[in-house]
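Read-outs throughout are calculated quantities, based only on the coordinates presented, and are distinct from any laboratory measurement. Quantities reported herein were computed from a predicted structural model and do not represent experimental measurements. With ideal geometry, Cβ positions are generated from the backbone for all residues, glycine too; neighbour counts draw on all protein chains shown.
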Amino acid sequence: MNSLENIIKSRRSIRKFLPDSIPERDIKEIIESAVNAPSACNSQCWHFIAVQSPELKEKLAKACEEFVEEFYADADYEENVIPNRAKNMTFFRNAPLVIAVFLTHMEYRDHRVTEYYAKKGYTQEEMIKSLGSPDILSVGAAIQNMLLTIHEKGLGACWMNNPVAAEKNICRVLDVPEDYHLMALIPVGKPAYAPGEKVLKPMEEVLEIR
């Protein structure tokens, strides 16, 4: 059995996948690991949509391509830059499974704090941001749990933030509530290649013990 240390150290981002489908049991176990992540005030401020349908994945990819075409319409780039940008946002289309991760509403547990921030003129969004964005950190913890579980199962995945730029288009395709915020798309499947080693910064560069 893989040790937790080995799973953490050997996980890599995978961008090309074999066509093998992902069993529903595995999908549920991946999401179960996500919802067991810590969340601020136990808000569990997340929602997941597991997309297997090739037609729906293609609609999501087209939604990203439409965004790129519109957003970069006036950009003075070399000929291949914009197509490459679209490709970087849509390589998920060939994965057997794509998990869309959404941030939902976080209610701060201590209403005295909420009321005092409001008295100081803060909006709910400004208050949460001033407290270190615990809602975003909660979703990040859920995604990391997912990635490690996916790797432990012998599958590969990639934490994709680029598609978030096309959030409005993607949310329209998936028909989610207006207060859902897209945080990532996670393509999942059996890796089609062996990833290389990752070079880490030396410990003395990233750690201070005082």
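Quick one: in the stretch 5-37, which of the residues that are touching a helix residue (DSSP H, G or I) at 6+ places or on another chain (Cβ under 8 Å) and hydrophobic (A, V, I, L, M, F, W, C) is surrounded by the most Cβ atoms within 10 Å (Cβ to Cβ)? Step by step, filter the stretch 5-37, then rank; the result is 30. Is it the case that some residue within the stretch 76-88 is surrounded by 14 or more Cβ atoms within 10 Å (Cβ to Cβ) and either touching a Lys or Arg at 6+ places or on another chain (Cβ under 7 Å) or assigned to a strand (DSSP E or B) (or both)? No: the stretch 76-88 contains no residue that is surrounded by 14 or more Cβ atoms within 10 Å (Cβ to Cβ) and either touching a Lys or Arg at 6+ places or on another chain (Cβ under 7 Å) or assigned to a strand (DSSP E or B) (or both).
Here is the figure for the stretch 95-134: residues that are touching a helix residue (DSSP H, G or I) at 6+ places or on another chain (Cβ under 6 Å) and either free of Cβ contacts under 8 Å to residues at least 12 places away in the same chain or not hydrophobic (A, V, I, L, M, F, W, C) (or both) total 4.
Would you check if there is a residue in the stretch 50-72 being of a type in the set (Phe, Trp, Tyr) and part of a helix (DSSP H, G or I)?
yes
Of all residues in the stretch 160-205, those that are free of Cβ contacts under 8 Å to residues at least 12 places away in the same chain and in a strand (DSSP E or B) total 0.
Hydrophobic (A, V, I, L, M, F, W, C) and more than 19 Å from the chain's Cα centre (by Cα): which single residue out of 164, 176, 206 fits that description?
Working: 164 fails: more than 19 Å from the chain's Cα centre (by Cα); 176 fails: more than 19 Å from the chain's Cα centre (by Cα).
Selected residue: 206, the only one of 164, 176, 206 that is hydrophobic (A, V, I, L, M, F, W, C) and more than 19 Å from the chain's Cα centre (by Cα).
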